[in-house]
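Enquirer: One structure follows; several queries about it will come next.
The values are calculated or read from the model by the stated rules, or taken from the named source; none is laboratory data. All of these numbers come straight from a predicted model, not from anything done at the bench. When we count neighbours, we look across all protein chains shown, and the Cβ atoms used for this are built from the backbone with ideal geometry, even at glycine. With ligands, DNA and RNA removed, areas are computed over all heavy atoms of the protein, side chains included. Shrake-Rupley method; radii C 1.70, N 1.55, O 1.52, S 1.80 Å.
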Amino acid sequence: MTSSATADGGQDLAEQMNDAVREKFVMGGFLGEGTYAMVHKAHYRHDPSQVFAVKKIKLNAEYHNGIAPDAIREMQFLSELTHPNILKLIDVFSSKDQNLSFVLELAPRGDLEKLWKNKDITYTAADIKAWTNMLCQGIWFCHENFVLHRDIKGSNALIAADGTIKLADFGLARRFADPGTRMTTQMITRMYRPLELLYGCSHYGGTADMWSIGVVMAELVKRDWYLGSETDIQQVSVICEKFGTPTEETWPGVSALPYYVAPEKQNNMVGTTANRIARPRSWWRQEFMLLGDDGAEFIKGLLTLDPQKRFNSRRALEDKYWTNMPRPTKKENLPKEGGGEKAVGDDLKRKGGETPTNGRADKVARKLDFGAM
Amino acid sequence: MSKQPARAAAASKRLAEDGDICPVCKSSRYLNSTMQFKINPACYHRMCDTCVERIFKRGNSTCPIAGCAKTLSWAKFRRATFEDLKIEREVDIRKTVMDVMNKKEEDFETLRDYNDYLEQVEEIAWNLILNIDVEATTGKLERWKQHQKAELDAGPPLASGKGATQRKASQSSKKKDEAETGFTFHGLKKRVAPVKEAPYDPWGGWSIAPQYYVLQDNYDVDWYKRIKTDVHHVAGGHSLQDYCSQALRDAFGGLGVFIEDEILARDTPSMDADVGTEHAVAAAMSGKDANMNVNMDDVF
Ligand SMILES: Nc1ncnc2c1ncn2[C@@H]1O[C@H](COP(=O)(O)OP(=O)(O)O)[C@@H](O)[C@H]1O
Ligand SMILES: [Zn+2]
Ligand SMILES: [Zn+2]
């Protein structure tokens, strides 16, 4: 019911443009609901073959204009960053009820969290390498443009129709901080939050995102949550038990961080004294055996406690792990949601090779059987 | 098929010769009369039951016959019959022939050509299975193998004008080459080495290199030194490098927009990347210097 401009209550130019954008799209089925948005499928009115996801931001009375800062940040950063591994923001419009809607690239194959949880899907070290590499490329592009994502997790790594990983949800993103500028440490979903944030340090950098990628990669390997807990304090314990409690030797300056507790003072805290020394290389190889020795070294680079020693996104992409064997799986061959049945079928086909033993020695039948050997 | 009786005779002759020795452990049925041969229908390679127990009882393992590499499961082994022994030999011969005569339908101009080719391959296989012209046939096979290898090593034909004439020349000599192997296949396309897959590019083809400036390891500015040694910035992983390149990108970012300037800059040495960047960055950041002691706590 878009009324054309009337003489008295006429639309201004912005309204007309907004209507023009909104009119381009036809809404379709429901895709999902997030913390501050509803997501629907949509397509171009003039070309129904071009499909998108429209994310309608819920009106939030808490905020000025009713729009959460998350939405504004998402709009700002997604529109600035154009890269194959970053979910593209196509358009923005507001609807009659003043709700803001984002038109996003459609990512219909779920996300990396759904993927490892789906036990019908089997995948290999080469698949993990391909997914992690795409994730690293996406975050490298963010960092190269001085954007911190600050909410990397499996469920924010969406999967496009062609298998490409798309880094999504820039609701917590921000520009790299100027020196001296404090940033809040209550960022990054707890399970993916690095120790420097948990210790309350407000001057972090791009390497914080790299820790999160390390955790996502570990989850892909284990097909389980890797560093889970209920509280921030527990999260510190879980990390320290896994990798050792950092000290001034392993992480210069760490003892000056607000919530740091030295190993010798942890005695009364349950579960935090278990492991005070850094893990040896052999532990990493054992822990991430599936990835091979070079893969274990690589994930060790991401899951390094000292953020200065941790791989930054550039260093991560320079690693030899990517060019070593096995070669990362091609996008079109990556296992996908719903691929369970098909995979079983392929396995049956592959079995083959059994030769008819009725002794008829039928020439043509044989030829087919032996040709594959 | 008139070949059938001859084939059976040849097979039974061979059985009498070596059918009683286990190819894996070399023990003989003459010395161990309780020995039994087993086969697995994945490859029909024959071995004694002791070997089967030893190698496969604890779980799947690869066939010990060289060049086979099939993974065999213990459960699938069964007693070898007379027929199996013939099949084993036939399987091996066919595998050898197939390794060399490995053309596919798409290698031929027509389906008919392909079928004719298959006929000849079949002929070779039968000759070897039935022990007909073995020496000549094996020689022919070997020459074809060398010919194929040479064709591959020569690589794909050049695409330049000069290459095109060369290709014509090699086309005419192709018939001759092929004839020397003892084979002529009608409609067989020239074999072209597959394009070697480029090494994986972990950057996906992207790179962002600054055009107008070079980032330095250090800047001689007061606040820079202060931040560089500030324990909170150091321990937190805040990167001054990132900050400086951001400031430089912001300062120089607009330059590329003016096409005319860019054209001018191309011949102007003063736009060289390493000139004056130290001052430029100091200038670019000087405004921020003044604010540096102000508490700039950020809502985000
Ligand atoms: N671009 C997209 N393509 C397809 N589905 C999407 C897309 N974006 C979001 N969704 C779906 O909508 C749900 C909610 O999205 P979102 O608001 O981004 O989640 P959250 O608020 O939990 O981060 C997701 O779980 C997903 O199923
Ligand atoms: Zn034996
Ligand atoms: Zn075998």
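Enquirer: Give me the accessible area per residue for the stretch A:286-330, probe 1.4 Å, as a whole number in Å².
Expert: Working: 2030 Å² over 45 residues.
Computed with neighbouring chains in place, this is 45 Å² per residue.
Enquirer: Here is a follow-up. For the stretch A:224-236, what does the Karplus curve 6.51 cos²θ - 1.76 cosθ + 1.60, with θ = phi - 60°, yield as ³J(HN,Hα) per residue in whole Hz, taken in order and with x for Gly and Pro?
Expert: 7, 4, 9, 10, x, 6, 9, 9, 4, 5, 4, 4, 4
Enquirer: Counting only other chains, what is the mean number of Cβ atoms within 10 angstrom of the Cβ of each residue in peptide A:321-327? Kindly include the intermediate steps, with their values, before the conclusion.
Expert: Values: counts 1, 5, 4, 1, 0, 0, 3.
Average per residue, whole number: 2.
Enquirer: Which whole number gives the average, over all residues in A:124-133, of C-beta atoms from other chains lying within 10 Å of the residue C-beta? Kindly include the intermediate steps, with their values, before the conclusion.
Expert: Numbers: counts 0, 0, 0, 0, 0, 2, 1, 0, 0, 5.
Shielding by partners across A:124-133 averages 1.
Enquirer: Given the pairs A:Lys117/A:Lys309; A:Lys129/B:Lys76; A:Lys129/B:Lys190; A:Lys153/A:Lys336; B:Lys95/B:Lys140, which are separated by over 28 angstrom at their Cα positions? Could the numbers behind the result be given before it?
Expert: Values: A:Lys117/A:Lys309 32 Å; A:Lys129/B:Lys76 36 Å; A:Lys129/B:Lys190 37 Å; A:Lys153/A:Lys336 18 Å; B:Lys95/B:Lys140 16 Å.
In this structure, A:Lys117/A:Lys309; A:Lys129/B:Lys76; A:Lys129/B:Lys190 exceed 28 Å between Cα atoms.
Enquirer: For the stretch B:43-128, run through the GluC sites (Glu not before Pro) and keep only the ones in DSSP coil with at most 15 other Cβ atoms within 10 Å of their Cβ.
Expert: In loop regions of the stretch B:43-128 (DSSP not H, G, I, E or B), the sparsely surrounded GluC sites (Glu not before Pro) are B:Glu109.
Enquirer: State the dimensionless ratio Rg/Rh of the stretch B:18-80 (Rg: radius of gyration of Cα atoms; Rh: Kirkwood radius). Please report the intermediate quantities before stating the final value.
Expert: Numbers: Rg = 10.9 Å, Rh = 11.6 Å.
That ratio equals 0.94.
Enquirer: Is there a simple number for the mean count of other chain Cβ atoms within 10 Å of the Cβ of residues in A:178-191, and what is it? Before the final figure, lay out each step's value.
Expert: Details: counts 11, 16, 15, 10, 6, 6, 4, 1, 0, 1, 0, 0, 0, 0.
Mean partner shielding for this stretch: 5.
Enquirer: Take A:Asp47 and B:Asn32, extend 7 Å from each Cα along the Cα→Cβ direction, and tell me the distance between the two endpoints in nm.
Expert: So the label points at A:Asp47 and B:Asn32 sit 7.3 nm apart.
Enquirer: If you don't mind, there's one more thing I want to ask. Taking the stretch A:148-201 as the region of interest, what is the percent of Cα-Cα pairs per 10 angstrom bin, listed from the shortest bin to the one with the maximum distance?
Expert: The distribution over the stretch A:148-201 is 22, 45, 24, 8, 1, given as percents.
Enquirer: Another question, if that's okay. How would you classify the stretch A:91-205 from its alpha-carbon gyration tensor, with a ≥ b ≥ c the square roots of the eigenvalues: rounded for a/c under 1.5, else prolate if a/b is greater than b/c, otherwise oblate? If you can, show how the numbers build up before the last one.
Expert: Numbers: a/c = 1.94, a/b = 1.19, b/c = 1.63.
Oblate is the answer for the stretch A:91-205, as a/c is 1.5 or above yet b/c matches or exceeds a/b.
Enquirer: I've got another one for you. Can you give the accessible area of B:Tyr243 in Å² (nearest 10), computed on protein heavy atoms with a 1.4 Å probe?
Expert: The value for B:Tyr243 is about 0 Å².
Enquirer: Which order do peptides B:34-41, A:235-242 fall in by mean Cβ count within 10 Å, highest first? Before the final figure, lay out the partial values.
Expert: Values: B:34-41: 17.9, A:235-242: 19.9.
Result, highest mean Cβ count within 10 Å first: A:235-242, B:34-41.
Enquirer: Full-extension gain between B:Cys25 and B:Asp220, please, as 0.36 nm times their residue separation minus the C-alpha to C-alpha distance.
Expert: Details: separation 195, 0.36 × 195 = 70.20 nm, distance 7.74 nm.
Full extension from B:Cys25 to B:Asp220 adds 62.5 nm.
Enquirer: So if we plug the beta-carbon distance of B:Glu53 and A:Gln234 into 1/(1 + (r/R0)^6) with R0 = 51 Å, what FRET efficiency do we get, rounded to 0.05?
Expert: Details: r = 53 Å, r/R0 = 1.04.
Here the calculated transfer efficiency is 0.45.
Enquirer: When a/c is below 1.5 the answer is rounded, else prolate if a/b is larger than b/c, else oblate, so apply that to the stretch A:112-348 with a ≥ b ≥ c taken from the square roots of the Cα gyration tensor eigenvalues.
Expert: Working: a/c = 1.90, a/b = 1.50, b/c = 1.26.
Judged from the Cα gyration tensor, the stretch A:112-348 comes out prolate (a/c at least 1.5, a/b above b/c).
Enquirer: Work the Kirkwood hydrodynamic radius out for the stretch A:24-63: mean of 1/r over every pair of different alpha-carbon atoms, inverted, in Å. Write down the numbers at each step before the final one.
Expert: Working: mean 1/r = 0.0918 Å⁻¹.
The Cα-based Kirkwood calculation yields 10.9 Å.
Enquirer: Still on this structure, I have one more. For A:Val92, enumerate residues with amide H under 5 Å from its amide H, sequence gap 5+ or separate chain, H modeled in the peptide plane.
Expert: So A:Val92 has HN proximity to A:Val103.
Enquirer: From the Cα gyration tensor of the stretch A:13-105, with a ≥ b ≥ c the square roots of its eigenvalues, which class applies: rounded if a/c is under 1.5, or else prolate if a/b is larger than b/c, or else oblate? Walk me through the intermediate numbers first.
Expert: Values: a/c = 1.42, a/b = 1.22, b/c = 1.17.
It is rounded, given that a/c, with a ≥ b ≥ c, falls under 1.5.
Enquirer: Of A:Lys166/A:Lys222; B:Lys70/B:Lys196; B:Lys103/B:Lys149; B:Lys149/B:Lys189, which ones are farther than 25 Å apart at the Cα?
Expert: Details: A:Lys166/A:Lys222 22 Å; B:Lys70/B:Lys196 28 Å; B:Lys103/B:Lys149 13 Å; B:Lys149/B:Lys189 15 Å.
As for pairs spanning more than 25 Å Cα to Cα, those are B:Lys70/B:Lys196.
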